[in-house]
Structure formats: structure tokens, C-alpha cells
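See below for the structure under consideration.
The values are calculated or read from the model by the stated rules, or taken from the named source; none is laboratory data. Keep in mind that what you see is a predicted model, and the values were worked out from it rather than measured. Glycine also receives a Cβ, built like all others from the backbone with ideal geometry; neighbour counts cover every protein chain displayed. These area figures cover heavy atoms from the full protein model, side chains too; ligands, DNA and RNA do not enter into them. Shrake-Rupley method; radii C 1.70, N 1.55, O 1.52, S 1.80 Å.
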Amino acid sequence: MNFDKVFSKTRGKYGLLRGNETIVFIKAGAGGTIPGYREKYLRMACRIRERLGATVICASNPDCEHQAEDEMMIRKAVADAGFSDYELKFIGVSDGAYQALSLADRFPQSKAFLGINTSFVDPDSLIEKLN
């Protein structure tokens, strides 16, 4: 079980599993790596691709602040695959949930969001972002 491709950027690492026009972006919690503890993100990505046929991108979270790189990575995956029409789904864990929701706001193709053990402390902020 391995990623099809791994990218190292200035502030983070990304693992890519190639699939169809549904793109699932998984953002690790603070300090998280792309495979995750006991390869939990890699296993999750493989199951998602197996069941949905989706393209899956796993993003590390070394310092909790690199959404510009995350956005660039999604756009690169779309361009490299030649997708003209696609939809995005986001999964974030802890601090990664907050970052994934903020990132989802940058794409009109965003269709779904799952936050696991989110770090939201202000319910009004969460509701505002979801709107």
C-alpha cells in the first residue's frame, strides 16, 4: 500500500492516489504526516479510492499554516489529470478540519466536508464558514 506519487513542498508533504473526477482532500491534524500514525490516512485514502474511484490527496500538517500550498496542490492534481469538471470533498482531523473547511471555501467545486475531532472553539465561526 503506497501513494502513486509523493510531493514535497516548502512547508508540507502530499501523497496522491490517482482516480476519477471526484477529489477527496484529507488534511492531517497538527504535526500529522501523510501516511499518518499506523498509516491511518493512507489506509483511509486507499479505501476511498477503492469504493468511490476518487482521486485522493493526503496533506501533512507540520506547522498548521500552509493553506496556499494545499490550494496549489489541489489545482496541480486537477491540471495534471486534465479534469475540466470535478467535485471536491474534504476530510480534516483536529486542526486539519479547521484548515480543510477554510480551504473548501476557496473552491466552488466543494461538495462535502467531514471534520473529525474538530478544533472549532466558537460555534458561530463554524456556522459562518459552513454558510
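Observations on the structure shown:
- Under the condition of being open to solvent by less than 40 Å² (accessible area, probe 1.4 Å) and on the phi > 0 side of the Ramachandran plot, the residues counted in the range 65-93 number 0.
- Members of the range 49-60 found to be assigned to a helix (DSSP H, G or I) and closer than 14 Å to R18 by Cβ, listed by number: R49, E50, L52
- The sole residue among D70, D63 that is outside any helix (DSSP H, G or I) and farther than 17 Å from N117 by Cβ is D63.
- Identity of the residue in the range 75-92, out of contact with any helix residue (DSSP H, G or I) (no Cβ under 8 Å at 6 or more places or on another chain) and not small (G, A, S), that ends up farthest from T33 (Cα to Cα): D85
- Residue within the range 96-106 that is in contact with a helix residue (DSSP H, G or I) (Cβ under 9 Å, 6 or more places away or on another chain) and modelled with pLDDT of 90 or more present: no
- Restricting the range 31-48 to residues that are in a loop (DSSP other than H, G, I, E, B) and open to solvent by 30 Å² or more (accessible area, probe 1.4 Å), the residue that is farthest from F83 (Cα to Cα): G31
- Residue check, G53 surrounded by fewer than 20 Cβ atoms within 10 Å (Cβ to Cβ) and either at pLDDT 90 or above or out of contact with any Gly (no Cβ under 9 Å at 6 or more places or on another chain) (or both): yes
- Pairing residues of the range 5-24 that are more than 19 Å from C46 (Cβ to Cβ) and without any contact (Cβ under 8 Å) to a residue 24 or more places away in the chain with residues that are assigned to a strand (DSSP E or B) and among the aromatic types (F, W, Y), at Cβ distances under 9 Å and at least 6 apart in sequence or on separate chains, gives S8/Y14.
- If you go through the range 5-30 and keep only what is in contact with a Gly (Cβ under 9 Å, 6 or more places away or on another chain), in a loop (DSSP other than H, G, I, E, B) and open to solvent by less than 30 Å² (accessible area, probe 1.4 Å), you end up with A28, G29.
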